[in-house]
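Okay, structure first, notes after.
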Amino acid sequence: MKLLVLGGGGMLGRAVACAAARLGHDAIALGHGELDITDADHVARVVAAAEPAAVVNCAAFTDVDGSEVAEGRALRVNGEGAGNVARAAALTGARVVHVSTDYVFDGAKGEPWVESDPVGPLQAYGRTKLAGEQAVAAAAEEHAIVRTAWLFGVGGRNFVATMLRLGAERDEVEVVTDQRGGPTWTGHLAPALVEVAERRGDVGVFHATGTGDCSWYELAVEIMDRGGLDCRVLPTTSERMARPARRPAYSVLGTERAPGVVLPPWRDGLAAYLAEREAVEAPAAA
């Protein structure tokens, strides 16, 4: 299958392109420098020329706090850009797989959110991603919207990398205990996105995160332990660690689909990510 991966220069996009190639697909990955998804005409021309069977859209404005002061810019990418990609895919007969977020929920539910639960984003980022979901569903009948959460992987900024850096620099860090979600390694999510791209006819919203859940505090403790770092993790609250954008207190994702997308446990993803980082860094240190 020919697969076109947009946002191919990012942390997830690179992983998807690698997974697709490993699984025997013909993968074309385009980064922002090669394709700006806010340019509808250019998107249409590029997708038509590529003639893919499926388009996986990993391109996004991912700065959650930055979206609070640049919601218009975030909306152009996450909302309008997503619609541009979906329309271009529909015109060529391609299936579109669009990556979305747990932040479309308000976090008030006390059990895992499923695909049909009502949405209610608390911040600009979530609003723009929800707009993207709506644009994709309206533009392309053959679509899959895949919500994920707490992503980490090589080649991009993420919480795990930040904790590893701070753990090497400091004696202690403060991390919130009152936000709970499902950490997800790009190395587990990427092949799942490729598999969803193959499910022509299976349309709608999918949830896909690492199995299990934890708080940011619990994740940080696990990172320090597995990373062999002598850094204490001190519990704190969202109120004390106020950020520009409100985060949902509980954004654990579950699924009601059959078949759903089931990823390995998040701890397995963390272990694999740490091993991958070590393998990448070893040649550089030699």
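Nothing in this text is a laboratory measurement; each read-out follows from the coordinates by a stated rule. Just so it is clear, the model here is predicted, and its values are computed rather than measured. Here Cβ is always computed from backbone atoms with ideal geometry, including for glycine, and neighbour counts include all displayed protein chains.
Data table
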read-out: Rounded to 5, percent antiparallel among DSSP beta bridges of the chain; value: 5
read-out: Relative contact order of the stretch 143-190, pairs being alpha-carbon contacts under 8 Å that are 6 or more residues apart, as %; value: 54
read-out: Neighbour cut-off at most 14 other Cβ (10 Å), DSSP loop, trypsin sites (Lys or Arg not before Pro), the stretch 178-219; value: R200
read-out: The stretch 71-190: proportion of alpha-carbon pairs further apart than 22 angstrom, %; value: 46
read-out: Debye log10 I(q)/I(0) at q = 0.10, 0.12, 0.15 Å⁻¹ for the stretch 186-286, Cα point scatterers; value: -0.42, -0.60, -0.86
read-out: Rg/Rh (Cα only; Kirkwood hydrodynamic radius) as it applies to the stretch 233-286; value: 1.14
read-out: The chain: Rg to Rh, with Rh as the Kirkwood radius over Cα pairs; value: 0.96
read-out: Paramagnetic reach from E239 (point 7 Å along Cα→Cβ, amide N under 19 Å) across the stretch 149-181; value: 174-180
read-out: Pairwise FRET efficiency - R22 versus R45, Cβ, R0 = 35 Å, nearest 0.05; value: 0.75
read-out: Cα-centre dipole for the chain with unit charges at Cβ (Lys and Arg positive, Asp and Glu negative), debye to 20; value: 300
read-out: Among A149, T236, M1 the positive-end extreme of the charge dipole of the chain (Cβ point charges); value: M1
read-out: Contact order relative to length of the chain, as percent, for alpha carbon pairs under 8 angstrom and 6 or more apart; value: 20
read-out: Estimated FRET transfer efficiency (V69, K109; beta-carbon r; R0 25 Å; 0.05); value: 0.30
read-out: Distance between the stretch 223-244 and the stretch 52-117 - C-alpha centres, whole angstrom; value: 29
read-out: Kyte-Doolittle at least -0.5, axis length at least 24 Å by Cα - qualifying DSSP helices, the chain; value: 266-285
read-out: Interatomic Cα distance distribution for the stretch 26-107, bins of 10 angstrom, percent; value: 17, 51, 24, 8, 0
read-out: Contour minus Cα-Cα distance for Q134 and T92 (0.36 nm per residue); value: 13.1 nm
read-out: Dipole in debye (nearest 20) - the stretch 199-286, about Cα centre, beta carbon charges: Lys, Arg +1; Asp, Glu -1; value: 400
